[in-house]
Amino acid sequence: MTRAEEQRDAGLLDAFAGHLALQRGLSEHTVRAYCGDVLTLLALLPHGPDGNAPADLGALTLATLRRWLAQESGRGLARATLARRVAAVRCFTAWAQRTGRIATDPGGRLLSPGPDATVPQVLTAEEAAAVMDTAREQAAAAGTPAARARATRDWAVLELLYATGVRVAELVGADVGDVNLAERLLRVLGKGDKERMVPFGRPASDAVEQWLAARHHLLPQQTSDPGALFLGARGGRLGARQVRDLVHRSTALAGVRDLAPHGLRHSVATHLLDGGSDLRSVQEVLGHASLSTTQRYTHVSTERLRSAFTQAHPRA
């Protein structure tokens, strides 16, 4: 899709984005993703005789939506991605009807593909420990104060991600005042602006304490402190992309399987369940709106239990 084609529907998408952010309370990342999803649908609609007018929403029918979904499915997208795109389009058509842009809502009858049943790769407890230990050693071996501050920050980021299972957006959005080292609690703002307190252990507490002591080394002179828990380039708030790069780099350095930050989140859920935590507790820690989302991890633990039983039981 060309830039000109995007611009012709910019006004409509801006209005939809405002609804998502202000009335639905969705995060900036989700708003951007939903608008991108809807843009792929608008590309199928007529745009006036010269092709430069905004999309004709009157042409939105269930047949159009099914044709759009078939086109998206043909691109080889994961079922979870397709399910999100359907959710975005349903939200869009419902909003368009409520605001008088269309007479009926065809999205209400659009069936969504079920999400993938598989859970992404996770680290074993030993692999996770290797990542944390390597990061701690890197921090201890760093030379200059600034280099030591960066390495300590990276160590603290990894420890908190693994200790709490928070989303990357939740971690980078946290401020210094959101950490309670005395009670080892992290306050985060999750999806739908829902606030929750997440506990963490002593290793993460030690890493964060050392980072906070070195944090000022990443604040350039004459730069106001943004108050962010984790600082990035030029003393600003650490970005989500930097955290993703950090996790990939750290797993490689520790010699374990490559993993994205969300993989650490999956690892936390799996390790909690393996350790005996109940589903409700894991749901609270991860901030899942639905228990069914948390239940995706139970089969991983069940498979490990079955494997251990097969190896150990004399009548397996």
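The values are calculated or read from the model by the stated rules, or taken from the named source; none is laboratory data. On a predicted model such as this, the values are computed, not experimentally measured, just so you know. Quick reminder, even Gly has a Cβ in these numbers, built from the backbone with ideal geometry, and neighbours come from all protein chains shown.
In region 194-213, is there at least one residue being over 16 Å from A156 (Cα atoms), in a helix (DSSP H, G or I) and not small (G, A, S)?
Checked region 194-213: no residue is over 16 Å from A156 (Cα atoms), in a helix (DSSP H, G or I) and not small (G, A, S).
Applying the selection to region 226-241, what residues are on the phi < 0 side of the Ramachandran plot, surrounded by fewer than 18 Cβ atoms within 10 Å (Cβ to Cβ) and without any contact (Cβ under 8 Å) to a residue 24 or more places away in the chain?
Selection gives P226, A233, G236, R241.
Does G58 meet the test of being over 18 Å from the mean Cα position of the chain (by Cα), in a loop (DSSP other than H, G, I, E, B) and without any contact (Cβ under 8 Å) to a residue 60 or more places away in the chain?
no
One line per residue, one yes/no per condition, for (1) charged (D, E, K, R); (2) surrounded by 15 or more Cβ atoms within 10 Å (Cβ to Cβ); (3) closer than 30 Å to V172 by Cα; (4) out of contact with any strand residue (DSSP E or B) (no Cβ under 7 Å at 6 or more places or on another chain):
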position	(1), (2), (3), (4)
A17	no, yes, yes, yes
L26	no, yes, yes, yes
T30	no, yes, yes, yes
D37	yes, yes, yes, yes
L45	no, yes, no, yes
R67	yes, no, no, yes
G76	no, no, no, yes
T93	no, yes, no, yes
R98	yes, no, no, yes
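Residues checked against (1) at pLDDT 90 or above; (2) outside any helix (DSSP H, G or I); (3) among the hydroxyl-bearing types (S, T, Y); (4) under 24 Å from the mean Cα position of the chain (by Cα):
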position: P54; (1), (2), (3), (4): no, yes, no, no
position: R66; (1), (2), (3), (4): yes, no, no, no
position: R75; (1), (2), (3), (4): no, yes, no, yes
position: R85; (1), (2), (3), (4): yes, no, no, yes
position: A88; (1), (2), (3), (4): yes, no, no, yes
position: Q97; (1), (2), (3), (4): yes, no, no, no
position: R101; (1), (2), (3), (4): yes, yes, no, no
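Conditions tested, residue by residue: (1) more than 18 Å from F16 (Cα to Cα); (2) touching a helix residue (DSSP H, G or I) at 6+ places or on another chain (Cβ under 6 Å); (3) basic (K, R); (4) in the same structural domain as A15 (by TED's automatic domain parsing).
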| residue | (1), (2), (3), (4) |
| --- | --- |
| R67 | yes, no, yes, yes |
| Q71 | yes, no, no, yes |
| A80 | yes, no, no, yes |
| C91 | no, no, no, yes |
| V131 | yes, yes, no, no |
| E137 | yes, no, no, no |
| A146 | yes, yes, no, no |
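Any residue at all in region 174-181 that is modelled with pLDDT of 85 or more, of a type in the set (D, E) and assigned by TED's automatic domain parsing to the domain that holds A140?
There is at least one residue in region 174-181 that is modelled with pLDDT of 85 or more, of a type in the set (D, E) and assigned by TED's automatic domain parsing to the domain that holds A140.
Scan region 140-168 and report the pairs whose first residue is free of Cβ contacts under 8 Å to residues at least 24 places away in the same chain and whose second residue is part of a helix (DSSP H, G or I) and surrounded by fewer than 24 Cβ atoms within 10 Å (Cβ to Cβ), with Cβ atoms within less than 6 Å and a gap of 6+ or a chain change.
Close Cβ pairs satisfying both conditions: A142/R148; A142/A151; A151/Q138; A151/A139.
Just the residues that are buried (at least 18 other Cβ atoms within 10 Å of the Cβ), in contact with a helix residue (DSSP H, G or I) (Cβ under 8 Å, 6 or more places away or on another chain) and within 23 Å of V282 (Cα to Cα), please, taken from region 189-207.
Once the filter is applied, which keeps residues that are buried (at least 18 other Cβ atoms within 10 Å of the Cβ), in contact with a helix residue (DSSP H, G or I) (Cβ under 8 Å, 6 or more places away or on another chain) and within 23 Å of V282 (Cα to Cα), region 189-207 yields G190, V198, F200, A204.
In region 147-187, what residues are more than 21 Å from V122 (Cβ to Cβ), in contact with a strand residue (DSSP E or B) (Cβ under 9 Å, 6 or more places away or on another chain) and not in a helix (DSSP H, G or I)?
Answer for region 147-187, where residues must be more than 21 Å from V122 (Cβ to Cβ), in contact with a strand residue (DSSP E or B) (Cβ under 9 Å, 6 or more places away or on another chain) and not in a helix (DSSP H, G or I): G173, A174, D175, V179, N180, E183, R184, L185, L186, R187.
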